[in-house]
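**Q** Let me give you the structure first, and then I'll get to my questions.
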Amino acid sequence: MIGKFISFEGTEGSGKTSVIKEVKQYLEDKGYVVMITREPGGIRISEKIRQIILDVDHTEMDARTEALLFAASRRQHLIEKVRPALEEGKIILCDRFVDSSLVYQGIARDLGFDEVYQINKFAIEDTLPDLTLFVDVRPEVGLKRVFETPNREINRLDLEKINFHKKIYEGYLFLLDRFPKRIKRINGEAQIEEVAREAISAIEQIL
Ligand code: TMP
């Protein structure tokens, strides 16, 4: 039995995490076995890599180092967690995957889309999500949410300037164009119930 691999993407404060929780509940109520995970992280080694990447003190981190660390974390997470769950027939809801690297490192950090895709192909081989949901929230709306949410972890990338976040948003629009079959846009600025409904209806088409 082969499961389904679904990733969620978006700018900072897009509300992906809340949408994922709602979707999980809905699918479980329907009798599916669902696993939530996230990148970078989800397992011991990748959570450690996550701490290195996102540490606010690591201001000297080189952009290529950052890209390689994300790819390394992705590889380990894929091998230890995603592929085994797929083989068990689970539905995997993954908070970010390869598209985050294409957009954040490839486009926003100007390392080049193709270059970053190359190192990621080495990491993921041929495993791509069956469906990727881009939770569309404009960057100024998302950042406002981030800084207004009490106790939310503010990471090194949250602290980048607004132009960086705008580049990320435009990067996602570019990816929507580049992978129209795999990536679907949902309106993240609607009420959470509505966003979850849109996500579920896209997911039901691939189940
Ligand atoms: P999160 O806030 O969604 O947990 O993501 C952590 C940060 O890492 C977020 O700012 C996006 C960034 N990121 C990348 O830059 N490249 C990647 O490949 C991934 C997975 C995340």
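The values are calculated or read from the model by the stated rules, or taken from the named source; none is laboratory data. From a predicted model like this one, the values you see are computed outputs, not experimental measurements. Here the Cβ positions follow ideal geometry from the backbone for every residue, glycine too, while neighbour counts run over all protein chains shown. Note: areas computed on protein heavy atoms with side chains; ligands, DNA, RNA excluded. Shrake-Rupley method; radii C 1.70, N 1.55, O 1.52, S 1.80 Å.
**Q** Please tell me if residue 73 is open to solvent by less than 20 Å² (accessible area, probe 1.4 Å), more than 30 Å from residue 193 (Cβ to Cβ) and either free of Cβ contacts under 8 Å to residues at least 60 places away in the same chain or assigned to a loop (DSSP other than H, G, I, E, B) (or both).
**A** Numbers: open to solvent by less than 20 Å² (accessible area, probe 1.4 Å): yes; more than 30 Å from residue 193 (Cβ to Cβ): yes; either free of Cβ contacts under 8 Å to residues at least 60 places away in the same chain or assigned to a loop (DSSP other than H, G, I, E, B) (or both): yes.
Yes, satisfied.
**Q** Next up: Return the total of residues in the stretch 21-49 being under 17 Å from the mean Cα position of the chain (by Cα) and of a type outside the set (A, V, I, L, M, F, W, C).
**A** Qualifying residue count for the region: 11.
Each row is one residue, and each column tells you yes or no for (1) within 14 Å of the ligand (Cβ to nearest atom); (2) outside any loop (DSSP other than H, G, I, E, B); (3) closer than 20 Å to residue 192 by Cβ; (4) of a type in the set (A, V, I, L, M).
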position: 79; (1), (2), (3), (4): no, yes, no, yes
position: 99; (1), (2), (3), (4): yes, yes, no, no
position: 103; (1), (2), (3), (4): yes, yes, no, yes
position: 123; (1), (2), (3), (4): yes, yes, no, yes
position: 134; (1), (2), (3), (4): yes, yes, yes, no
position: 140; (1), (2), (3), (4): no, yes, yes, no
position: 144; (1), (2), (3), (4): no, yes, yes, no
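**Q** Tally up the residues in the stretch 1-42 that are open to solvent by 20 Å² or more (accessible area, probe 1.4 Å) and assigned to a loop (DSSP other than H, G, I, E, B), please.
**A** Residues in the stretch 1-42 being open to solvent by 20 Å² or more (accessible area, probe 1.4 Å) and assigned to a loop (DSSP other than H, G, I, E, B): 8 in total.
**Q** Just checking, which of 186, 119, 206 is touching a residue at least 24 places away in the same chain (Cβ under 8 Å) and under 17 Å from residue 16 (Cβ atoms)? It would help to see each step written out before you state the result.
**A** Values: 119 fails: under 17 Å from residue 16 (Cβ atoms); 206 fails: under 17 Å from residue 16 (Cβ atoms).
Criteria check complete, one pass: 186.
**Q** Further, regarding this structure: State which residue pairs qualify: first residue free of Cβ contacts under 8 Å to residues at least 60 places away in the same chain and inside the stretch 88-104, second residue open to solvent by 10 Å² or more (accessible area, probe 1.4 Å) in any location, beta carbons under 6 Å apart, and separation of 6 or more residues or different chains.
**A** 101/70
**Q** Considering the stretch 65-121 alone, what residues qualify as being among the basic types (Lys, Arg) and over 18 Å from residue 156 (Cα atoms)? Give the steps one after another, and end with the answer.
**A** As a first pass, look at the stretch 65-121 and keep what is among the basic types (Lys, Arg): 74-75, 81, 83, 90, 96, 109, 121.
Scanning the stretch 65-121 gives 74, 75, 81, 83, 90, 121.
**Q** Which numbered condition in (1) part of a helix (DSSP H, G or I); (2) surrounded by fewer than 18 Cβ atoms within 10 Å (Cβ to Cβ) is the only one that residue 152 fails?
**A** With respect to (1) part of a helix (DSSP H, G or I); (2) surrounded by fewer than 18 Cβ atoms within 10 Å (Cβ to Cβ), residue 152 is out only on (1).
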